[in-house]
Every structure is written in C-alpha cells, then in structure tokens.
Amino acid sequence: MKTQCDCCGDCCRNGGPPLHVEDIELVRSGSLAVDDLVTIRRGELVLAPLAADPSPAQTNWLKIQGAEGEWRCRFLDALSNSCTIYEHRPVSCRALRCWDTGEILAMAGQGLLCLADLMESNDPLRPLVLLQEKSCPVPDMENIIRTMIVHTERVRILSDLTVMVESDLRIRAQAVREFNISVARELFYFGRPLFQLLLPLGIVMTQTPKGIDLQYRPR
Ligand code: SF4
Ligand code: SF4
C-alpha cells in the first residue's frame, strides 16, 4: 500500500488526463497545444477514475492525447517515468494521489473543459463541428450492446450506424480537404472517428468497392 508517490507512472499510462476549466490557461499560454488534445464526445464509452468498467461520457470534454496509438499520456517519458510538462501539468494530475483518492474522485466529471471553450466564434471549422453533432452524434452505446444480440435489431442498428459512420468520415474528409488539418487537429475538433468508438462493441468496419461495411463480430 503506497503512502506517497513513487513515480511509477501507472496513472499516466492508464490514459492522458481530462482537462478542467482551470486548465484553460495552459492552452492560452501555449504550455499545451490544441494538437495535444482530443475531444471526448458525449456518449463515448470512457473509464472514469478508479472505475472498473467504461460508461458513457455525460458531456463533451477534452483530454490529453495518447502516444503511439495507446492511451498512455503523450507527456510521459516512458524510460524515466517522468512527466515532461511537470510544472505545467493539468489540475487533475496535481490532484491524483493513488493512495488518497478523495480529491480526484470529487473532481471526476466536474468542470470539464471542452472544445466549445476553446473554439473561437469565427472558427472556420465550427460549421463542420456543428454538422457532426447534428448528423452523427455518438449513439446510445449501452443500448447498442443490449440490443445487438437480437438478430432483427442487429440488422437495423448496423444499417443506421453505417449512415452515421459514413457521415462522420465525410465530414472529416471535408475538413482535411478544405482546411488541410492534421490528424492531431482532427482529433481536437472531431474526436476519434465513430467507427473506432464502435470497435469495443464488436462492430468492425471494412472498406468495400461499394463503400463501408459494418459487421458485428463480438469477441
Ligand atoms: S500517483 Fe501515479 S505515479 Fe504516483 S505512485 Fe500513484 S500511480 Fe504511481
Ligand atoms: S501530464 Fe504528466 S502527470 Fe499528467 S498524465 Fe501526463 S505525464 Fe502524467
């Protein structure tokens, strides 16, 4: 049982931290770039601090992007287990003491910073962000998990999801085409592609000559 931080880095490996409104100065001052951040969209399945299982995000919020395709915080120096932005780390990192979890649990889901807090009103990408929210919001993941086992429901759900996944990909492609944004910037504005959010549910996308195809392949 730990009684103080021994810099094992486990908390940083479990995922980049969420940002809170107090962290907005880190972005405004340039300590954190928007390309370091990923939008978590309302409804996405996320693991709350110390929770055993993922549950749907209650709001849109931002967190620090992972590294090398994993959730490990991109600011963790994996060799030394040290934080490369230690003096400018977010408030949730300051509050996280794995041996005394009261403060981090009290912060969980409260006062989270989101894309709308950082996006200027005249941001040229705003119309596409709003279009994504309207045409392909994150579906009710828990309902999908419950109903996918019924074959007739499965056909309908996969059909509906196909339309949404296509719309999500189309909006991202338009953003890249018209504004030449990087993958990192895409994650900031649009979060992870909808088809990636469906993978943990056993829904796998393949590209076919006719378009995309979603299959249910539970593990
Ligand atoms: S607070 Fe994080 S780095 Fe420190 S001991 Fe706990 S898990 Fe390890
Ligand atoms: S910002 Fe630093 S302290 Fe916070 S999760 Fe990343 S590496 Fe760990």
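The values are calculated or read from the model by the stated rules, or taken from the named source; none is laboratory data. In this text the structure is predicted, and so the values were computed from the model without any measurement. Virtual Cβ from ideal backbone geometry, glycine too; neighbours counted across all protein chains shown.
Tally time: how many residues in segment 74-96 are surrounded by fewer than 17 Cβ atoms within 10 Å (Cβ to Cβ), outside any loop (DSSP other than H, G, I, E, B) and within 16 Å of ligand 1 (Cβ to nearest atom)?
Total meeting the criteria: 4.
Scanning segment 30-51 for residues that are without any contact (Cβ under 8 Å) to a residue 24 or more places away in the chain and within 17 Å of the chain's Cα centre (by Cα), which turns out farthest from PRO90 (Cα to Cα)?
Step one: list which residues in segment 30-51 are without any contact (Cβ under 8 Å) to a residue 24 or more places away in the chain, which gives 30, 33, 46, 51.
Retained after the next criterion (residues that are within 17 Å of the chain's Cα centre (by Cα)): 33, 46, 51.
Working: ALA33: 13, VAL46: 19, ALA51: 20 Å.
So the residue we want is ALA51.
Which condition number in (1) more than 14 Å from ligand 2 (Cβ to nearest atom); (2) touching a residue at least 24 places away in the same chain (Cβ under 8 Å); (3) touching a Leu at 6+ places or on another chain (Cβ under 9 Å) is the one that VAL27 fails?
All conditions are met except number (1).
Scan TRP61, TRP71, TRP99 and give me the residue that is within 13 Å of ligand 1 (Cβ to nearest atom) and either at pLDDT below 95 or of a type outside the set (Gly, Ala, Ser) (or both).
Working: TRP61 fails: within 13 Å of ligand 1 (Cβ to nearest atom); TRP71 fails: within 13 Å of ligand 1 (Cβ to nearest atom).
Checking each option against the conditions leaves just TRP99.
Out of segment 97-127, which residues are more than 20 Å from the chain's Cα centre (by Cα) and part of a loop (DSSP other than H, G, I, E, B)? Can you show your working first?
Step one: of segment 97-127, the residues more than 20 Å from the chain's Cα centre (by Cα) are 97-103, 106, 120-124, 127.
Within segment 97-127, ARG97, CYS98, TRP99, ASP100, THR101, GLU120, SER121, ASN122, ASP123, PRO124 meet the criteria.
When segment 2-24 is examined, which residues are found to be under 19 Å from the mean Cα position of the chain (by Cα) and either more than 15 Å from ligand 2 (Cβ to nearest atom) or under 30 Å from LEU130 (Cβ atoms) (or both)? Can you show your working first?
Taking segment 2-24 as the starting set, the residues that turn out to be under 19 Å from the mean Cα position of the chain (by Cα) are 11-21, 23-24.
Answer for segment 2-24, where residues must be under 19 Å from the mean Cα position of the chain (by Cα) and either more than 15 Å from ligand 2 (Cβ to nearest atom) or under 30 Å from LEU130 (Cβ atoms) (or both): GLY15, GLY16, PRO17, PRO18, LEU19, HIS20, VAL21, ASP23, ILE24.
Take segment 172-219 and flag every residue that is polar (S, T, N, Q), farther than 15 Å from LEU161 by Cα and surrounded by 10 or more Cβ atoms within 10 Å (Cβ to Cβ). Give the steps one after another, and end with the answer.
Here is the first cut: in segment 172-219, the ones polar (S, T, N, Q) are 174, 180, 182, 196, 206-208, 215.
Now restrict to residues that are farther than 15 Å from LEU161 by Cα: 174, 180, 182, 208.
Correct list: GLN174, SER182.
Based on this model, can you work out whether GLY9 counts as touching a Phe, Trp or Tyr at 6+ places or on another chain (Cβ under 8 Å) and within 16 Å of ligand 1 (Cβ to nearest atom)? Talk me through it step by step, then tell me what you get.
Details: touching a Phe, Trp or Tyr at 6+ places or on another chain (Cβ under 8 Å): no; within 16 Å of ligand 1 (Cβ to nearest atom): yes.
No: the conditions fail for GLY9.
Against the definition (away from ligand 2 (no atom under 16 Å from the Cβ), surrounded by 13 or more Cβ atoms within 10 Å (Cβ to Cβ) and small (Gly, Ala, Ser)), how does GLY109 come out, yes or no? Give the derivation first.
Numbers: away from ligand 2 (no atom under 16 Å from the Cβ): yes; surrounded by 13 or more Cβ atoms within 10 Å (Cβ to Cβ): yes; small (Gly, Ala, Ser): yes.
For GLY109, the condition - away from ligand 2 (no atom under 16 Å from the Cβ), surrounded by 13 or more Cβ atoms within 10 Å (Cβ to Cβ) and small (Gly, Ala, Ser) - is met.
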